[in-house]
Amino acid sequence: MNRIFATKAGSNVYRLRIPWRPFSNDAAPLLSSQNAGNPEKGSEAKQYDIAIVGGGMVGLALACSLASRPLTRHLNVAIIDTNPALGRKHFIKKEDLPDPRVSTITPATISFFKGNKQTVLDNFNPYIVVTILGKSRNSLTVVAYIADIGAWQFVEQHRHAYFDKMQVWDYTGLSYAKYNARDADKEVLGCVVENKVLLSSLLSRVQETDLPKKIYPSRLNSMSILPNSSSSEVDSTLSMTALFTHGRLAKLELEDGHSLYAKLVVIELAPVGADGGKSRVRELAGFRTTGWNYSQNAIICTVEHDVENHCAWQRFLPSGPLALLPIGDKFSNIVWTMSPKESSEFKSITEDNFLKAVNHALDYGYGPHPTPSILGSSDLFSWLKGGISKSANDCFEIPPKVVKLASERMAFPLSLRHANDYASKRVALIGDAAHTVHPLAGQGVNLGFGDASTLSSIISEGIAVGTDIGEVSLLKKYEADRKPANVMMMAVLDGFQKAYSVDFGPLNILRAAAFHGAHHISPLKKSIISYASGEMRLPLFA
């Protein structure tokens, strides 16, 4: 049985030793001859500015963001991950069927991928602009262009699906809510993209940048950080060993024999497999978490229709929400939350029975369709009639029928986890290593991309004023920025999960009233759309 050892080398020193399970049985070729690691030279230690533990979507987004900023594009970055896909330039075939693992990308994340100039200027320090580029008339424009991470152009080369409307309802038939992008003066509500497409797009962008980088297809075996020496000034020309001894570098030892030193270690994913929510490195490095496991599993799969789906659908059932998300080419993605026992049954039943169950759940199963008479005429909701907006396009619709299963059915347990701290000396957490949430609103990866954007901005600001990028005082600024936003989103999602886990008459009526208000009261609807789009404003206080 595998064991995990943590040994101390002093009161303020920790050293991590972690046995690893294989991530993949495939050999992991390296990124390129320029960036490839060399196992034969594993004993030769190398120094980096930043070591990213986890080359997943959020880790690569951080690398892209660093490459896009004038003050960080020169940083030497190591990416540690055994995923063999990172060693192949093109690993997606257009004829492949959609993968069931997808992400719903918000407009805010799309802007981050495209490089929304206004967002960049709002988050950039004008003093830094003047310092780097001088007091030229076009300096702000130049910085905005540089800050474009440019990954979305690669996403659009593969299968993806924008959607501009969404319908949400529950099994009681009392009410429903429809959202349209135009209700909040937006072009789209989001875009559904396969995770492998996001990973490939970010990797393609990283490969074409001038960011000095190297991908190590290995696993982290140990990490050591020593306290700062008593001397406030340390000669930067000292050897790596000396800088490590003075607490100016973290030391990482990889399973393949490589030794690395880094000013900053960023943990994105777990060292065991790809479960950042259960990151052993995070916990052994002193990061504690708060959270719990939901008594629910999620079944995900790809399904096919006779017609193309352009809407996101979500119905709350007694056991949990069922989402039907468009992914293009007459395909949709299913995310169905249910009890572990039910998930085991639905994963093993025949394809025909599974398709019947999905169509039943999205139609008359568990309860009736919401009707206009219930919504508009009942005295139950008369107190909400003032100041409402109506549209012929806001009528309840039935989702397109599912006619074929286009992928395997996968199931995984659901949980909520949040790190009490995001930063310590020379270590920062991003993505799933910092937080995991319920998938009912598809916000998890978007929170991670927000982490990547903010951390790269904080690192840039630190470099501008000559601060050591691994100093905890600097990294705590990243934590102070991201933690409140992440906690608020987690609280909202957890509240939804709990509110729809109870089948109780009075509570059902309150939920229906909430749906009714969200559907008919324009300011509330606009505020909800804006918050879900990534603008991070509270729906009731925008």
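The values are calculated or read from the model by the stated rules, or taken from the named source; none is laboratory data. This is a predicted model, so every value here is computed, not measured. With ideal geometry, Cβ positions are generated from the backbone for all residues, glycine too; neighbour counts draw on all protein chains shown. Just so you know, the surface numbers come from the protein's heavy atoms only, side chains and all, with ligands and any DNA or RNA stripped out. Shrake-Rupley method; radii C 1.70, N 1.55, O 1.52, S 1.80 Å.
Just so you know, in the range 172-198 the residues that are part of a helix (DSSP H, G or I) and open to solvent by 20 Å² or more (accessible area, probe 1.4 Å) include one that is nearest to Phe112 (Cα to Cα), and it is Asn195.
In summary, Gly257 fulfils each of the numbered conditions (1) at pLDDT 90 or above; (2) surrounded by 17 or more Cβ atoms within 10 Å (Cβ to Cβ) with the single exception of condition (2).
Filtering the range 305-318 to residues that are surrounded by fewer than 21 Cβ atoms within 10 Å (Cβ to Cβ) and either in contact with an Asp or Glu (Cβ under 8 Å, 6 or more places away or on another chain) or hydrophobic (A, V, I, L, M, F, W, C) (or both) leaves Val307, Glu308, His310, Cys311, Leu317, Pro318.
This table checks each residue for (1) touching a strand residue (DSSP E or B) at 6+ places or on another chain (Cβ under 9 Å); (2) open to solvent by 10 Å² or more (accessible area, probe 1.4 Å); (3) under 27 Å from Ile349 (Cα atoms); (4) of a type in the set (S, T, N, Q).
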site: Glu408; (1), (2), (3), (4): yes, yes, yes, no
site: Pro413; (1), (2), (3), (4): yes, yes, yes, no
site: Arg417; (1), (2), (3), (4): yes, yes, no, no
site: Lys425; (1), (2), (3), (4): yes, yes, no, no
site: Leu429; (1), (2), (3), (4): yes, no, no, no
site: Val437; (1), (2), (3), (4): yes, yes, no, no
site: Asn446; (1), (2), (3), (4): yes, yes, no, yes
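Consider the range 291-342 and keep the residues that are in a strand (DSSP E or B) and charged (D, E, K, R). The one that is nearest to Lys404 (Cα to Cα) is Glu304. Restricting to the range 42-69, name every residue that is in a strand (DSSP E or B) and either farther than 13 Å from Tyr216 by Cβ or not charged (D, E, K, R) (or both). If the condition is that a residue be in a strand (DSSP E or B) and either farther than 13 Å from Tyr216 by Cβ or not charged (D, E, K, R) (or both), then Gln47, Tyr48, Asp49, Ile50, Ala51, Ile52, Val53 are the ones that fit. Once the range 287-302 is narrowed to residues that are among the polar types (S, T, N, Q) and touching a strand residue (DSSP E or B) at 6+ places or on another chain (Cβ under 7 Å), the residue that is least open to solvent (accessible area, probe 1.4 Å) is Thr302. Would you say Thr72 is buried (at least 21 other Cβ atoms within 10 Å of the Cβ), assigned to a loop (DSSP other than H, G, I, E, B) and at pLDDT 95 or above? Answer is yes for this residue. Taking every residue in the range 425-448 that is farther than 18 Å from Val192 by Cβ and pairing it with any residue that is part of a loop (DSSP other than H, G, I, E, B), at least 6 positions away or on another chain, the pairs with Cβ-Cβ distances below 6 Å are Arg426/Gly470; Val427/Ala285; Leu429/Tyr422; Ile430/Glu268; Gly431/Glu268; Ala433/Glu268; Ala433/Ser279; Ala434/Tyr422. Listed by first and then second residue, the pairs with beta-carbon distance under 7 Å, at least 6 apart or on different chains, first residue in the range 95-106 and part of a loop (DSSP other than H, G, I, E, B), second open to solvent by 30 Å² or more (accessible area, probe 1.4 Å) and aromatic (Phe, Trp, Tyr), form an empty list. Only a single criterion out of (1) in contact with a Lys or Arg (Cβ under 6 Å, 6 or more places away or on another chain); (2) in a strand (DSSP E or B) is not satisfied by Lys214, namely (1). Within the range 234-247, not a single residue is under 30 Å from Cys395 (Cα atoms), open to solvent by 10 Å² or more (accessible area, probe 1.4 Å) and either hydroxyl-bearing (Ser, Thr, Tyr) or out of contact with any Phe, Trp or Tyr (no Cβ under 9 Å at 6 or more places or on another chain) (or both).
Table: residues versus (1) under 18 Å from Glu461 (Cα atoms); (2) among the basic types (Lys, Arg); (3) open to solvent by 30 Å² or more (accessible area, probe 1.4 Å); (4) at pLDDT below 95.
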| residue | (1), (2), (3), (4) |
| --- | --- |
| Ser24 | no, no, yes, yes |
| Leu30 | no, no, yes, yes |
| Asn35 | no, no, no, yes |
| Pro39 | no, no, yes, yes |
| Tyr48 | no, no, no, no |
| Leu60 | no, no, no, no |
| Ser65 | yes, no, no, no |
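Taking helices (runs of 4 or more DSSP H) as the structural unit, those lying wholly within the range 425-542 and holding at least 3 residues that are at pLDDT 85 or above and β-branched (Val, Ile, Thr) correspond to 444-464. Among the residues making up the range 75-94, those that are in a loop (DSSP other than H, G, I, E, B) and within 29 Å of Ile458 (Cβ to Cβ) are Leu75, Asn76, Asp81, Thr82, Asn83.
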